[in-house]
Amino acid sequence: MFSKLLKIIKSFSKIERLIFIAALLAFFVAGIFLFIDFVAKQTILTAIAGGEYREGVVGQPSFINPILFGANDVDRDLSEILFSNILNLAESPKISADGKIWNIRLKDGTRWSDDVPITSDDVIFTIETIQDPDARSSLFPVWQGVVAERVSERELRFILAAPYAFFENNLKELKPIPKHIFGGLPAANLRLSSYNLEPVGSGPFRYDSFEKRRDGFITKYILLRNENYSGEKPYLDKMTFRFYENQDELIRAMNSGEIDGFGGVNPQDLKKISVNHEVFEIRMPRYYAAFFNPYNHPALKDKNVRMALSLGLDKSGIIKKVFDNYAISVNGPMIPGMEGYAAKVYPGEDFSPEKAAALLESSGWKLSDEGVIESVIRQAKKDLMKLEFNLVVPQTSHLVETAELIKDYWSKIGVKLNLKITGGSNIESEALRTRNYDMILFGNIFGGNPDLFSFWYSSERFYPGLNLALYENETVDSLIESVRKNLNKESRQADLTSLQSAIVQDEPAIFLFSPSYLYVSKNWLKGFEEKFIPLPSDRFESIEKWYVKTSRKFR
């Protein structure tokens, strides 16, 4: 057969042979494409286990211990991956009718990464350590008044002094630490343990090793899949954290292929990333506002003044210039996406210098020869009160830029703004402790619940409370109290709606914007969930779903 075919081909002319070869090649190419199309239609691309992902982070780990990490974002990131919260370790909690008793039963077979069983004693030890002032735990305020009792090796109960509607969120933030590791230490010595840098945990990954320079700077943390993890095992075999001193170094590492992704990138820096990548835009329950202190400047007691100042700001313009539109406008004490957010009570953005000027004029304010609005109402010293304010601004680039824009906008309606840019710890000592400001540009960051107590309850007007507007409203106080103890979601939502409405009506601050959290990764990372998260570290909440390797399987 083959010899006959060969004779036929030899009998072809040169042109006929070329045509035959071209047709044969076309046949084979078409066959290949048909096979690829068949495989694509009959199979699906699925995630498989294996591979490594390298995360870049600015900063240094200090205490990879979920009851000690405080404000260190690096510690919080690593703790999120290395430790499970109590709700992930347990079956669904059982709650008493009055909401004061929460029964927790650990899942069968839960174990620490060193293969020691996790028991109720570990959880109780964790709570008691948090409640010990000598431990200096950042969770100390949250767990005051809560009693943890052992029921059995796998079961315990939490007894609350009063019902708290958002206690489940406290449980989500509670990551037990191992008693067999820390139980023999006095609480005051907890920070001295080497296990704070070489942790034994319960999360989807386990600690393997770390590397550091001769000067002590930790350059790398290596984590491996934790086979003892009680949840769904992660696809990734290995997770490596690399540490840098600033974001410029982080971007260089991304461009050079040293890392595969990082979070918290400044929108203006996105253009510096030269490799193929994907940007995930994530909403978080946080916002920035200019909080008024009416006790420091009497003009701010006038609601019409506060309203005029708000009308004189183009928030959309600020968001475009400062965040390249990677932020949303905020018009009240909660933001879209938060539990309990009531969209109907929030006014739309209204930027109108003309309305602002008319409102001030109708309220007895006029433009002076110096170009500054002043009142026709004289104070005790017989001096004209002027709309000239001092704004305290933390020395952070996006806030300083925002403040400069606010100053420019207000100058157009005759309001003079003096910027008091304050850096580092000085913001606490010079402004937060003393409340010595006319206005302060600052951010409110929620956890996973809509508890407005710290920010708007009257008792929180003074340090260490976060009621930066020194706001007082008995109705608001009553609503906050009701929301906190109301276990009925429907009636709690009604109170939350009334609460937001009352604060919006009083205009104690100019609510500005909520920046997006931007996460950048190589295009081949899959499984990353672009969802609303309470904290940056919660980007790892579903890390067991991340994958970098795939295979095709028939449908």
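The values are calculated or read from the model by the stated rules, or taken from the named source; none is laboratory data. No experiment lies behind these values; they were computed from the predicted model shown. In this analysis, Cβ positions are derived from the backbone assuming ideal geometry, glycine residues included, and neighbour counts consider all displayed protein chains.
Could you pull out the residue among TYR229, TYR164, TYR221, TYR195 that is in contact with a Lys or Arg (Cβ under 7 Å, 6 or more places away or on another chain) and aromatic (Phe, Trp, Tyr)?
TYR164
Please count how many residues of the range 389-448 are free of Cβ contacts under 8 Å to residues at least 40 places away in the same chain, under 15 Å from ALA289 (Cβ atoms) and among the hydrophobic types (A, V, I, L, M, F, W, C).
So the answer is 3.
Does LYS179 fit the bill of being out of contact with any strand residue (DSSP E or B) (no Cβ under 7 Å at 6 or more places or on another chain) and either at pLDDT 95 or above or under 15 Å from ILE86 (Cα atoms) (or both)?
yes
All but one of (1) outside the structural domain of GLY448 (by TED's automatic domain parsing); (2) surrounded by 17 or more Cβ atoms within 10 Å (Cβ to Cβ) hold for ASN523; which doesn't?
(2)
How many residues does the range 201-221 contain that are buried (at least 17 other Cβ atoms within 10 Å of the Cβ) and over 15 Å from ILE543 (Cα atoms)?
Qualifying residue count for the region: 5.
Conditions tested, residue by residue: (1) surrounded by 14 or more Cβ atoms within 10 Å (Cβ to Cβ); (2) out of contact with any Asp or Glu (no Cβ under 8 Å at 6 or more places or on another chain).
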site: THR119; (1), (2): yes, no
site: PRO133; (1), (2): no, yes
site: TRP143; (1), (2): yes, yes
site: LEU160; (1), (2): yes, yes
site: PRO163; (1), (2): yes, no
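Only one residue in ARG225, ARG213 is basic (Lys, Arg) and under 25 Å from the mean Cα position of the chain (by Cα). Which one?
Checking each option against the conditions leaves just ARG225.
Taking GLY312 as the residue in question, decide whether it is modelled with pLDDT of 95 or more and closer than 30 Å to TYR517 by Cα.
Here the answer is yes, as GLY312 does meet what is asked.
Would you confirm whether or not the range 150-157 contains a residue that is acidic (Asp, Glu), at pLDDT 95 or above, assigned to a strand (DSSP E or B) and surrounded by 14 or more Cβ atoms within 10 Å (Cβ to Cβ)?
yes
I'm trying to understand the selection: among the residues of the range 295-331, which are part of a loop (DSSP other than H, G, I, E, B) and either touching a Ser or Thr at 6+ places or on another chain (Cβ under 6 Å) or at positive phi (or both)?
Hits for the range 295-331 are ASP324, ASN325, TYR326, VAL330.
Looking only at the range 369-387, decide whether some residue is at pLDDT 90 or above, outside any loop (DSSP other than H, G, I, E, B) and not polar (S, T, N, Q).
So far as the range 369-387 goes, no, none of its residues is at pLDDT 90 or above, outside any loop (DSSP other than H, G, I, E, B) and not polar (S, T, N, Q).
Residue check, ASP538 against (1) within 28 Å of GLU258 (Cα to Cα); (2) in the same structural domain as ILE427 (by TED's automatic domain parsing), all met but one. Which one?
For ASP538, the exception is condition (2).
Among GLU198, GLU227, GLU245, which is the only one that is touching a residue at least 60 places away in the same chain (Cβ under 8 Å) and of a type in the set (Asp, Glu)?
Sole residue among the options that is touching a residue at least 60 places away in the same chain (Cβ under 8 Å) and of a type in the set (Asp, Glu): GLU245.
So is MET334 at pLDDT below 95 and outside any helix (DSSP H, G or I) or not?
no
Determine whether LYS233 is crowded, with 18+ Cβ neighbours inside 10 Å and of a type in the set (Lys, Arg).
No, not satisfied.
If we scan the range 159-181, do we find a residue that is outside the structural domain of GLU481 (by TED's automatic domain parsing), assigned to a strand (DSSP E or B) and touching a residue at least 24 places away in the same chain (Cβ under 8 Å)?
Within the range 159-181 (the criterion being outside the structural domain of GLU481 (by TED's automatic domain parsing), assigned to a strand (DSSP E or B) and touching a residue at least 24 places away in the same chain (Cβ under 8 Å)), the answer is yes, since at least one residue qualifies.
Out of all the residues in the range 65-102, which are more than 24 Å from SER230 (Cβ to Cβ), in contact (Cβ under 8 Å) with a residue 40 or more places away in the chain and of a type outside the set (A, V, I, L, M)?
GLY70, ASP73, ASP98, GLY99, LYS100
Sort out for me the strands (runs of 3 or more DSSP E) sitting completely within the range 199-294 that have 2 or more residues that are of a type outside the set (A, V, I, L, M) and modelled with pLDDT under 95.
Hits in the range 199-294: none.
Sort out which residues of the range 276-313 are surrounded by 19 or more Cβ atoms within 10 Å (Cβ to Cβ) and among the acidic types (Asp, Glu), and write them in order of number.
ASP302 - this is the single residue of the range 276-313 that is surrounded by 19 or more Cβ atoms within 10 Å (Cβ to Cβ) and among the acidic types (Asp, Glu).
Can you pull out every residue in the range 135-187 that is β-branched (Val, Ile, Thr) and within 25 Å of ARG206 (Cβ to Cβ)?
If the condition is that a residue be β-branched (Val, Ile, Thr) and within 25 Å of ARG206 (Cβ to Cβ), then ILE177, ILE181 are the ones that fit.
This table checks each residue for (1) out of contact with any Phe, Trp or Tyr (no Cβ under 7 Å at 6 or more places or on another chain); (2) of a type in the set (A, V, I, L, M, F, W, C); (3) surrounded by 21 or more Cβ atoms within 10 Å (Cβ to Cβ).
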residue: MET439; (1), (2), (3): no, yes, yes
residue: GLY443; (1), (2), (3): no, no, no
residue: LEU452; (1), (2), (3): yes, yes, yes
residue: TRP456; (1), (2), (3): no, yes, yes
residue: LEU466; (1), (2), (3): no, yes, no
residue: THR475; (1), (2), (3): yes, no, no
residue: SER478; (1), (2), (3): yes, no, no
residue: LYS489; (1), (2), (3): yes, no, no
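Condition first: assigned to a loop (DSSP other than H, G, I, E, B) and not aliphatic (A, V, I, L, M). Now tell me which residues in the range 132-149 satisfy that.
The answer is ASP132, ARG136, SER137, SER138, PHE140, PRO141, TRP143, GLN144, GLY145.
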